[in-house]
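For reference, the structure discussed in these notes is given below.
Values in this text are rule-based calculations from the coordinates and carry no lab data. Please read these numbers as outputs of a predicted model, since none were measured by experiment. As a convention, Cβ positions derive from the backbone with ideal geometry for all residues, glycine included, and neighbour counts pool all protein chains shown.
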Amino acid sequence: MPRPGEIMDVTVFMQPGMPQWAGEAVMATRSLSELPGDEANVAMLTMTTHTGTHVDAPRHFFERSKTLDQIPLDRWVGPCVVADFTGVTTDITADDLDRANIPPNITRLVLKTRNSELWRTHPETFVEDFIAVAPSGARWLVERLIRLVAIDYLSIGSFGPEGVETHRILLGNDVLVVEGLNLTGVPAGAYELLCFPLNLFGLDGAPARVALRVLGV
């Protein structure tokens with residue numbers, strides 16, 4: 001079991017060949033200079049703003065909405081609850097959330113699903129039938145005043161039109177989204193969320209380093 005104060009890194013490794021949303025460019029690296037022949041090792045990265053562990057700003061689905069740089073850093077950091085949905089085999093609905101006994105008055109919710117296993121079983125392949133949040137679940141989150149929701153695959157919404165609706169419900173109500181976590185070995189419970197997106201100006205999202213700090217008893 002994790003120890004009080006332990007920091008659990010839940011960021012997936014960023015590397016060429018990692019799963020990427022269907023149709024988007026896969027992350028790639030290219031050497032610009034290389035030892036021993038050059039003065040230093042310098043590489044170029046090519047990736048989208050939604051590669052690996054990343055965050056969504058409202059601009060992701062709304063033309064005239066907040067960009068990443070307009071969101072205070074403290075919204076990404078603070079107390080959270082990890083809720084276990086590993087027994088759910090379809091998209092997470094309002095009824096699923098009702099049954100999860102999520103404590104009242106929390107503002108950051110992390111959804112642990114069977115998706116985390118996909119990072120091990122499909123390390124180079126995007127899986128379309130991952131567990132996401134259904135539109136009814138997104139409305140539940142908005143109604144319960146959740147301000148940030150995180151999940152353990154590349155999208156909070158499913159692969160299809162309902163996925164767009166889920167994003168629009170959440171981001172349209174200023175609910176921040178963190179995607180692409182690996183929650184393997186993370187028990188359900190209370191934590192401190194430590195999420196640090198790249199400080200990119202004017203954009204719709206960014207890769208992030210994300211960790212959970214285990215709270216004391």
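Here are some notes:
- Considering residues of segment 184-198 that are more than 16 Å from the chain's Cα centre (by Cα) and not in a strand (DSSP E or B) only, the residue farthest from F13 (Cα to Cα): A188
- Qualifying residue in segment 57-69 (condition: within 17 Å of S155 (Cα to Cα), touching a residue at least 24 places away in the same chain (Cβ under 8 Å), of a type in the set (D, E, K, R) and in a loop (DSSP other than H, G, I, E, B)): no
- Filter result for P4 (in a loop (DSSP other than H, G, I, E, B), over 16 Å from the mean Cα position of the chain (by Cα) and not hydrophobic (A, V, I, L, M, F, W, C)): yes
- If you filter segment 136-178 down to residues that are of a type in the set (D, E, K, R) and out of contact with any Ser or Thr (no Cβ under 6 Å at 6 or more places or on another chain), you find that the one that is surrounded by the fewest Cβ atoms within 10 Å (Cβ to Cβ) is E143.
- Pick from segment 179-199, criterion in contact with a Pro (Cβ under 8 Å, 6 or more places away or on another chain) and buried (at least 20 other Cβ atoms within 10 Å of the Cβ), ranking: farthest from V82 (Cα to Cα): P197
- Note on segment 37-90: residues that are surrounded by 13 or more Cβ atoms within 10 Å (Cβ to Cβ), charged (D, E, K, R) and over 13 Å from V178 (Cα atoms) amount to 4.
- Sole residue being within 16 Å of the chain's Cα centre (by Cα), buried (at least 16 other Cβ atoms within 10 Å of the Cβ), more than 20 Å from A22 (Cα to Cα) and of a type in the set (S, T, N, Q), chosen from T93, T113: T113
- With respect to the conditions (1) crowded, with 17+ Cβ neighbours inside 10 Å; (2) assigned to a loop (DSSP other than H, G, I, E, B), G202 falls short on a single one, namely (1).
- Filter result (part of a loop (DSSP other than H, G, I, E, B) and under 21 Å from D56 (Cβ atoms)) within segment 73-92: W76, F85, D91
- Here W119 clears all of (1) in a helix (DSSP H, G or I); (2) in contact with a helix residue (DSSP H, G or I) (Cβ under 8 Å, 6 or more places away or on another chain) except the condition numbered (2).
- Under the condition of being under 21 Å from I169 (Cα atoms) and touching a residue at least 60 places away in the same chain (Cβ under 8 Å), the residues counted in segment 82-103 number 2.
- Boolean, V127 is closer than 24 Å to M18 by Cβ and assigned to a strand (DSSP E or B): no
- Every pair of residues 6+ apart whose Cβ atoms lie under 6 Å, when the first sits in segment 2-19 and is closer than 13 Å to V186 by Cβ while the second is surrounded by fewer than 16 Cβ atoms within 10 Å (Cβ to Cβ) and charged (D, E, K, R): T11/R209
- Restricting L183, L111, L118, L154 to those that are more than 20 Å from D74 (Cβ to Cβ), of a type outside the set (S, T, N, Q) and touching a Gly at 6+ places or on another chain (Cβ under 6 Å) reduces the list to L154.
- Tally of residues being in a loop (DSSP other than H, G, I, E, B), touching a strand residue (DSSP E or B) at 6+ places or on another chain (Cβ under 9 Å) and not basic (K, R) across segment 147-183: 11
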